[in-house]
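Below is one structure, written out as structure tokens, with a few remarks after it.
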Ligand code: DC
């Protein structure tokens, strides 16, 4: 029975690490960012992203299926595979318009808590921005994975553009820094709350970061 809660900003490497930890320990894996992305795509397609008062109901009724398999974290909306579409720069650019609407967050948080409760056995790794504080503050292990701004920009540029030259970094800048600034207005994830362990991944490889997390879990 293990709940591992991981928060961190974009580009901190938390998704890669959370997935690897879940696979190593045979646990389920929940990417809550994917739920915010799916909700933003759903609202965008409905033309309702500019109507915050319509979002809670829309999100409540969203026909979302999210796989908890760390080896295959597929996301479906109304039966359609949106695993790729939720990662486009369009969705990255609009997702904060949904994730900063507090009543819409409440609906997603309730769905996330229900998933955690249903997967306490054998356990689950949950990652996002408010997991250690709001979604699963009672988790057995609570971590904040951070990285320097330079490291986060380099990783996102490599992820999204396949290169980390000056131009790719500049193009990534708004996406990473503006989004973290907007997001940090509603979820506190840049400084660790009491009881949360910080892992700075700036100078660590993925394997080293995974090893650090596994050590803490033990
Ligand atoms: O981790 P990510 O980049 O896939 O997250 C997508 C967006 O969702 C990001 O802008 C922050 C938001 N988010 C959030 O507000 N709370 C979470 N628990 C997870 C993500």
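Go through (1) out of contact with any strand residue (DSSP E or B) (no Cβ under 7 Å at 6 or more places or on another chain); (2) near the ligand (Cβ under 9 Å from one of its atoms); (3) closer than 24 Å to residue 217 by Cβ and name the single condition residue 117 misses.
Evaluating residue 117 over (1) out of contact with any strand residue (DSSP E or B) (no Cβ under 7 Å at 6 or more places or on another chain); (2) near the ligand (Cβ under 9 Å from one of its atoms); (3) closer than 24 Å to residue 217 by Cβ leaves (2) as the failure.
How many residues are within 26 Å of residue 168 (Cα to Cα), surrounded by fewer than 22 Cβ atoms within 10 Å (Cβ to Cβ) and within 11 Å of the ligand (Cβ to nearest atom) when one looks only at segment 89-112?
6
Residues checked against (1) in contact with a strand residue (DSSP E or B) (Cβ under 7 Å, 6 or more places away or on another chain); (2) in contact (Cβ under 8 Å) with a residue 40 or more places away in the chain:
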site: 121; (1), (2): no, yes
site: 135; (1), (2): yes, yes
site: 162; (1), (2): no, no
site: 170; (1), (2): no, no
site: 176; (1), (2): no, yes
site: 196; (1), (2): yes, yes
site: 199; (1), (2): yes, yes
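Take the residues in segment 64-77 that are surrounded by 12 or more Cβ atoms within 10 Å (Cβ to Cβ) and outside any strand (DSSP E or B); name whichever of them is farthest from the ligand (Cβ to nearest atom).
69
Filter segment 1-24 for residues that are over 28 Å from residue 93 (Cα atoms), part of a helix (DSSP H, G or I) and out of contact with any helix residue (DSSP H, G or I) (no Cβ under 6 Å at 6 or more places or on another chain); which is farthest from the ligand (Cβ to nearest atom)?
24
Would you point out the residue of segment 10-20, among those that are in contact with a strand residue (DSSP E or B) (Cβ under 9 Å, 6 or more places away or on another chain) and crowded, with 22+ Cβ neighbours inside 10 Å, that is nearest to residue 181 (Cα to Cα)?
This residue is 12.
Which condition does residue 61 not pass, out of (1) buried (at least 18 other Cβ atoms within 10 Å of the Cβ); (2) without any contact (Cβ under 8 Å) to a residue 24 or more places away in the chain, if it passes all the others?
Just one mismatch for residue 61, condition (1).
Taking residue 34, is it within 12 Å of the ligand (Cβ to nearest atom), out of contact with any strand residue (DSSP E or B) (no Cβ under 6 Å at 6 or more places or on another chain) and free of Cβ contacts under 8 Å to residues at least 60 places away in the same chain?
no
Is at least one residue of segment 78-85 over 27 Å from residue 162 (Cβ atoms) and either touching a residue at least 12 places away in the same chain (Cβ under 8 Å) or within 11 Å of the ligand (Cβ to nearest atom) (or both)?
yes
Need the failing condition index for residue 27 against (1) closer than 16 Å to residue 108 by Cβ; (2) surrounded by 16 or more Cβ atoms within 10 Å (Cβ to Cβ); (3) more than 13 Å from the ligand (Cβ to nearest atom), just the number.
Single failed check for residue 27: (1).
Readers should treat all values here as calculations from the given coordinates under stated rules, not as data from a laboratory. Small disclaimer: the values here were computed from a predicted structure and weren't measured. A quick note on method: Cβ atoms are made from the backbone with ideal geometry, for glycine too, and the neighbour counts reach across all protein chains shown.
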